[in-house]
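Novice: Below is the structure I would like to discuss, written out as structure tokens.
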Amino acid sequence: MMQVARTAAELQSALISKKRILVPTMGSLHAGHTELIAQARKLAGSDGQVVLSIFVNPLQFGKTEDFEKYPRDLEMDLSVADAAGVDLVWAPTWEEIVGPDVETIQAPVFGDELEGKSRPGHFSGVLTVVASLFVHVKPAVAVFGVKDLQQLLLITEMSAQRFKSIEIYPVETVRDSSGLALSSRNAYLSNENMSLASGIYQALLQAKNAEDPVAKFYEVAASQEIHREMIDYAQVLVMPAGSKVLGQTRLVVAVHIGTTRLIDNIALS
Ligand code: PAF
């Protein structure tokens with residue numbers, strides 16, 4: 001039966017010494033998360049432990065961002081987690097996971113680029129909380145989605161420096177039938193904006209084999225009514241040596257659809 005821990009003490013007494021696989025989330029679980037859990041379950045095998053954390057991390061939201069209205073439904077998340085095969089959920093309070101004594105982790109300069117340009121301090125907030133999760137859970141492996149590629153690369157780098165024994169395991173993006181990458185923030189989109197947003201993936205797909213993927217992305221996006229001023233960035237990113245993410249280079253994009261900012265990326269051939 002799935003266990004639920006709220007305090008750090010409850011977490012410690014529920015952790016088993018066998019292989020622990022951590023799936024860090026901010027809740028509002030969707031099929032993208034259940035894929036992370038499925039991969040974690042495979043890695044854990046029958047005797048390992050899949051630990052899912054649920055914490056809406058205020059440190060990674062800017063002053064004008066959606067921390068207050070970010071979707072939260074713990075009961076629903078617990079039933080999704082249970083059905084997906086999680087062994088232990090840790091849903092800590094702010095005091096338990098961050099508190100006044102937490103070590104703040106400064107993101108390297110890459111954290112100021114792309115997402116970091118629009119969201120100053122975002123990645124320091126992410127890294128601070130993920131480091132705290134690693135310290136508390138001490139997993140063998142932590143699983144993260146490739147949709148948040150910059151986050152994945154920064155966590156991989158932090159882990160290589162500070163948590164050498166933890167393997168960071170990337171999981172490819174899950175999409176709906178229109179190609180839209182699953183995200184908790186899709187809940188903010190109207191039906192009309194949902195179909196507009198699916199144009200992001202259509203543009204990524206066509207850019208994939210283009211000689212100039214960035215130019216092709218802008219061109220196809222415009223034909224899908226996603227105009228230049230809606231695109232925050234579209235950039236080719238070279239994956240670091242030893243990266244386990246598919247593709248040596250990936251096209252990463254951020255697009256404003258109505259009041260919602262969506263990110264996505266694709267491996268270039
Ligand atoms: O990707 C997320 O849901 C969050 O950024 C994470 C990794 C759980 C840290 O709060």
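Novice: Evaluate 2.2 N^0.38 Å with N set to the residue count of region 93-133, then give the Cα radius of gyration divided by it.
Specialist: On the way: Rg = 11.0 Å, N = 41, 2.2 N^0.38 = 9.0 Å.
This ratio for region 93-133 stands at 1.22.
Novice: Right, next: Based on DSSP, what percent of beta bridges with both residues in the chain are antiparallel, to the nearest 5?
Specialist: Details: 16 of 35 bridges.
Roughly 45 percent of the DSSP beta bridges within the chain come out antiparallel.
Novice: Under 10 Å, Cα contacts only: if you run a Gaussian network model on the chain, which one of Gly145, Gly242, Gly99 comes out with the highest mean-square fluctuation?
Specialist: Evaluated over the chain, the most mobile residue of the options is Gly242.
Novice: Continuing with the same structure: Take every Cα-Cα distance within region 125-268, group them into 10 Å bins from 0 onward, and report for each bin the whole-number percent of pairs it holds.
Specialist: 11, 39, 31, 16, 3
Novice: Another question about this same structure. Taking only Cα atoms, what is the 0 to 90° angle, nearest 10, from helix 31-44's long axis to the longest principal axis of the chain?
Specialist: 50 degrees
Novice: Mind putting together the pair-distance distribution for region 1-97? All Cα pairs, 5 Å bins, whole percent per bin, short to long.
Specialist: 3, 13, 24, 24, 19, 11, 5, 2, 0
Novice: Also, quick follow-up: Calculate the tail of P(r) for region 220-269: the fraction of all Cα-Cα distances greater than 16 Å, expressed in %.
Specialist: Working: 574 of 1225 pairs.
Counting pairs separated by more than 16 Å, the tail of P(r) holds 47 percent.
Novice: Length gain on complete extension for the stretch Asp66 to Gln12, per 0.36 nm per residue less the alpha carbon to alpha carbon distance?
Specialist: Working: separation 54, 0.36 × 54 = 19.44 nm, distance 3.15 nm.
Extra length available between Asp66 and Gln12 comes to 16.3 nm.
Novice: Only four residue types carry charge here, +1 at the Cβ of Lys and Arg and -1 at the Cβ of Asp and Glu. Report the dipole size of the chain about the Cα centre in Debye, rounded to the nearest 20. Working shown, then result.
Specialist: Details: 23 positive and 31 negative charges, 128 e Å.
In debye, rounded to 20, the chain gives about 620.
Novice: To continue, here is another question. Rounded to the nearest 0.05, what FRET efficiency do Thr104 and Asp47 have when you use their Cβ-Cβ distance and R0 = 45 Å? Walk me through the numbers on the way to the answer.
Specialist: Working: r = 36 Å, r/R0 = 0.81.
In this case the efficiency is close to 0.80.
Novice: On each of the three principal axes of the Cα atoms of the chain, give max minus min coordinate, whole Å, ordered largest first.
Specialist: Projected onto the principal axes, the Cα atoms of the chain cover 55, 39, 38 Å.
Novice: Enumerate the amide H contacts of Ala107 below 5 Å, restricted to partners 5 or more residues apart or on another chain; note that Pro and chain-start residues carry no placed amide H.
Specialist: Correct list: Ser124.
Novice: I've got another one for you. Relative to the first principal axis of the alpha-carbon coordinates of the chain, what is the inclination of helix 213-223, with its axis defined by its Cα atoms, in degrees from 0 to 90 and to the nearest 10?
Specialist: For helix 213-223, the angle is close to 70 degrees.
Novice: Quick check for you: which residues of region 65-80 have the amide N under 19 Å from the point 7 Å beyond the Cα of Trp94 toward its beta carbon?
Specialist: Taking a point 7 Å out along Cα→Cβ of Trp94, the residues of region 65-80 whose backbone N falls under 19 Å are 65-74.
Novice: Output wanted: per-residue J couplings in Hz (rounded whole) for region 252-269, from phi through Karplus 6.51 cos²θ - 1.76 cosθ + 1.60, θ = phi - 60°, x for Gly and Pro.
Specialist: After applying 6.51 cos²θ - 1.76 cosθ + 1.60, I find 10, 9, 9, 9, 8, 10, x, 9, 9, 9, 10, 10, 7, 6, 8, 6, 8, 9 Hz.
Novice: Taking a ≥ b ≥ c as the square roots of the Cα gyration tensor eigenvalues, with a/c under 1.5 meaning rounded and otherwise prolate when a/b beats b/c, else oblate, which class fits region 117-208?
Specialist: Working: a/c = 2.40, a/b = 2.07, b/c = 1.16.
Here region 117-208 falls in the prolate category.
Novice: While we're looking at this one, here's another question. To the nearest 10 degrees, how steeply does helix 74-84 sit against the main Cα axis of the chain, on a 0 to 90 scale?
Specialist: 90 degrees
Novice: For Lys147, go through the lysines and keep the ones whose alpha-carbon is under 17 Å away, minus same-chain ones fewer than eight residues off.
Specialist: Lys208, Lys244
Novice: For region 69-108, report the translational diffusion coefficient in µm²/s to the nearest whole number, using Stokes-Einstein at 20 °C, 1.002 mPa s, and a Kirkwood Rh over Cα pairs. Numbers along the way, then the final one.
Specialist: Details: Rh = 12.8 Å.
It diffuses with D of about 167 µm²/s by this estimate.
Novice: Follow-up. Using modelled backbone amide H atoms (1.01 Å from N, in-plane), which distant-in-sequence or interchain residues come within less than 5 Å of Glu167's amide H?
Specialist: Here Val141, Ala142 satisfy the definition.
Novice: Here is a follow-up. Reachable aspartates and glutamates from Lys18, Cα under 17 Å, same-chain residues fewer than 8 places away excluded?
Specialist: Asp47, Asp87, Glu167
None of the figures in this text is laboratory data; all of them are computed from the coordinates on show. All values derive from a computational prediction rather than experimental measurement. With ideal geometry, Cβ positions are generated from the backbone for all residues, glycine too; neighbour counts draw on all protein chains shown.
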